[in-house]
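So the structure is just underneath, and the comments pick up after that.
Nothing in this text is a laboratory measurement; each read-out follows from the coordinates by a stated rule. Owing to the predicted nature of the structure, the values given are computational and were not obtained by experimental measurement. Methodologically, a virtual Cβ is constructed for each residue, glycine included, from the backbone with ideal geometry; neighbour enumeration extends over all protein chains shown.
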Amino acid sequence: MIAYLQHLSFWDWLAFGTVLLILEVFGAGGYLLWIGVAAAAVGVLTYLFPELPWTWQFIVFALLSVLTAVFWWQRQRSAAKPSDVPGLNRRGSEFIGRTFVLHEAIVDGRGKIRAGDTLWLVRGSDLPAGSTVRVTGQDGVLLIVEPA
């Protein structure tokens, strides 16, 4: 095994990097991507410096793997910051606390209100059409209402 490791070529590193990139396709969350890139970088380095000892190849691979994994971890962590626009992509949340007139009666807990130019499905206690309701929450595409 040591004899094989002592004679690693750039093809070995490129193949290893390719295998890691293929495995990344199956959902490793980005970590194998960067380790695969590190292996490919060592492959390029080995191509440019074919006499690079195998120990240095592994040291460079280990360092690049750790650096790229830390880079990816930092990037993922910074991407998880809370949004400065928390209601983005939650259109119904802008209606919470506002009052509307029922467009269609709430029957069996379901009805509709008109908010702007859109009819919204609502959930609440049964009420006749024309009643005033206050939006108290949102559950997916349903607005939760109560009598105002």
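Only Lys, Arg, Asp and Glu carry charge here, each on its Cβ (+1 for the first two, -1 for the last two); on that basis the chain has a dipole of about 440 debye about its Cα centre. Here the contact order of the chain, divided by its residue count and restricted to Cα pairs under 8 Å and six or more residues apart, works out to 15 percent.
Across the stretch 105-148, Cα pairs under 8 Å and at least six residues apart give a relative contact order of 34 percent. Per-residue 3J(HN,Hα) values for the stretch 127-142, derived from phi via the Karplus relation 6.51 cos²θ - 1.76 cosθ + 1.60 with θ = phi - 60°, read 9, x, 4, x, 6, 8, 10, 10, 7, 10, x, 9, 10, x, 8, 8 Hz in sequence order (x marks Gly and Pro). Within the stretch 1-70, the chymotrypsin sites (Phe, Trp or Tyr not before Pro) that combine a DSSP coil assignment with at most 14 other C-beta atoms in a 10 angstrom radius are PHE26. To the nearest ten degrees, helix 54-79 and the longest principal axis of the Cα atoms of the chain are 10 degrees apart.
Within the stretch 109-148, which residues have the backbone N less than 14 Å from the label spot 7 Å out from SER93 along Cα→beta-carbon, could you tell me? Only 137-141 pass the distance filter.
Lys/Arg Cβ at +1, Asp/Glu Cβ at -1, dipole of the chain taken about the Cα centre: which of VAL66, GLY36, PHE95 is farthest positive-ward? About the Cα centre, the residue reaching furthest to the positive side is PHE95. Once backbone amide H atoms are built at 1.01 Å from N, SER131 has LEU102 as its partners under 5 Å, excluding neighbours fewer than 5 places away on the same chain. Relative to the longest principal axis of the Cα atoms of the chain, the long axis of helix 10-25 makes an angle of roughly 10 degrees. The angle between the Cα long axis of helix 31-48 and the main principal axis of the chain comes to about 30°, on a 0 to 90 degree scale. In terms of its C-alpha gyration tensor, the chain comes out prolate, because a/c is 1.5 or above and the ratio a/b outweighs b/c.
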